[in-house]
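Colleague: Can you read through this structure? Questions will come right after.
Any read-out appearing in this document is the output of simple, stated calculations on the displayed coordinates, not a laboratory observation. Bear in mind that the values here come from a model prediction, so they are computed numbers and not experimental data. Cβ: placed from backbone, ideal geometry, glycine included. Neighbour counts: every protein chain shown.
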Amino acid sequence: MTENVTIAASPVEVQFNNTNVAMTIDTKMAQDLPRFERNPFKLSLLDPTVVETRRGEMNPYNSYAPNSVEMGGMTNLKNELQVDGSPVGIAYKAAYVPNTDSVGETVVQKNAVDASVGHSAGGTISIATKSGTNEWHGVASWLGRIPALNAVTDRTTNTFTAARNNIYGGALGSPIIKNKLFSFFSFEAQRLRTPATTLWTVPTAAEVTGDFSQSLNTNGALRTIYDPFTTTFDPSTGAVTRQAFAGNKVPASRFDPLGARWMADLAPFQPNRTPDNGTGQNNYSFVTTGRTNYWNLSEKSRLLHEPVAAVLRASQHLPHQRPHRSNRPAAEKRTLHPARQHS
């Protein structure tokens, strides 16, 4: 018995017309990758030569995020952003970011010196969105981060990450007129809850009453409070002098009424932690929860022009075509009415 294995291959053709280096990310990869930021422009990071420059802002509602990448060089905030062939970049920012379920393909180009994308100093990230077809297709998704299901952040204290994120959405494509008109709809919402510790520097109980006798500067010396009404100017030397308040205490009679009211409103915020240094910096802390409510709605209707144009071209050659009379201007009399044609 004889078995033959034939391997056929051809070398990659050399491109003489352009020097583009591109990578295409298809629909499956765009949808299957578990990405918490849900920003399709960040699919460019799959290219080994693309580097993120703004790690703290990657979500689609961060307008700087799509362009904050280095594409094979110093191109941060200098890249071209496109959606369905139209530029969506405004200076360094992005005017619109489609949701992930509506993305059909993402193309990452470097060294794009072609005239169509040659007006940017960096690379190009081009997104093509989906459209409906003759078949009904849909998808629903939910991406969640729940504290009870999170991994342990600190095994020593058995602490869990307290962030709570709910990201959900879906897409639906359908025909309106078979082979001619299609519709595609997609929606995504992000409900993010991120706890954080906030540090403030608040006046001490003594400073609220005007007593700065225990207040220090960065050098550890007394922070002297001067009386502005004692300022004098020596014209012979050009020197300006002023005197400190006695005991480094500001009398209550010298308080500005508005400032005194403001200090009274700050009375509940007393120092509750050891400050970072002798000046009392960051002597008050409290826990806050950052709330982000974001939604993205995309609707697209597409008319398949080619079959319609072919019907119109064919109808011009039908015999015994009855002329159509109209009172419209001459520029509008080219409209065909197949219902009035005879074979």
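Colleague: Between rounded, prolate and oblate, where does segment 21-129 land on the alpha carbon gyration tensor, with a ≥ b ≥ c its root eigenvalues, rounded for a/c under 1.5, else prolate if a/b exceeds b/c?
Modeller: On the way: a/c = 1.34, a/b = 1.21, b/c = 1.11.
Taking the square roots of the gyration eigenvalues as a ≥ b ≥ c, segment 21-129 is rounded.
Colleague: When the C-alpha atoms of segment 125-230 are aligned to their principal axes, what extent does each axis show, in angstrom, from largest down?
Modeller: That gives 87, 47, 28 Å along the principal axes, largest extent first.
Colleague: How high is the FRET efficiency between Ser10 and Met74 when r is their beta carbon distance and R₀ equals 41 Å, given to the nearest 0.05? The partial results should precede the final answer.
Modeller: Details: r = 37 Å, r/R0 = 0.91.
That pair, Ser10 with Met74, gives E of 0.65.
Colleague: Let me ask another. Rank the residues Ser63, Ser10, Ser213 as a footprinting-exposure proxy: fewest other Cβ atoms within 10 Å of their Cβ go first.
Modeller: Values: Ser63 16, Ser10 5, Ser213 13.
Ordered by Cβ neighbours within 10 Å, fewest first: Ser10, Ser213, Ser63.
Colleague: Now for a separate question. What's the extension gain from Ala264 to Ser141 if we count 0.36 nm per residue and subtract their Cα-Cα distance? All intermediate terms of the calculation are to be shown ahead of the outcome.
Modeller: Values: separation 123, 0.36 × 123 = 44.28 nm, distance 5.07 nm.
This chain segment gains 39.2 nm when fully extended.
Colleague: Multiply the residue separation of Ala246 and Ile90 by 0.36 nm, subtract the distance between their alpha-carbon atoms, and state the gained length in nm to one decimal.
Modeller: Value of the extension gain: 50.4 nm.
Colleague: For Thr237 paired with Thr194, estimate the spin-label separation in nm (one decimal), with each label point 7 Å from Cα along the Cα-to-Cβ line.
Modeller: Distance between label points: 5.5 nm.
Colleague: Now for a separate question. Figure the gain on full extension for Glu299 and Gln31 (residue separation times 0.36 nm, minus the Cα-Cα span) and round it to one decimal in nm. The partial results should precede the final answer.
Modeller: Details: separation 268, 0.36 × 268 = 96.48 nm, distance 1.84 nm.
Here the segment from Glu299 to Gln31 would lengthen by 94.6 nm.
Colleague: Order of Arg38, Arg254 from fewest to most other C-beta atoms within 10 Å?
Modeller: The most exposed by this proxy come first: Arg254, Arg38.
Colleague: Here's something else I'd like to know. Looking at segment 203-268 from every direction and averaging, what is the projected area of its Cα convex hull in nm²?
Modeller: Working: hull surface 23.6 nm².
If I average the Cα hull's projected area over directions, I get 5.9 nm².
Colleague: Taking 7 Å along the Cα-to-C-beta vector as the label spot, tell me the Phe255-Asn111 distance in nanometres, rounded to one decimal.
Modeller: With each label point 7 Å from Cα toward Cβ, the separation is 7.1 nm.
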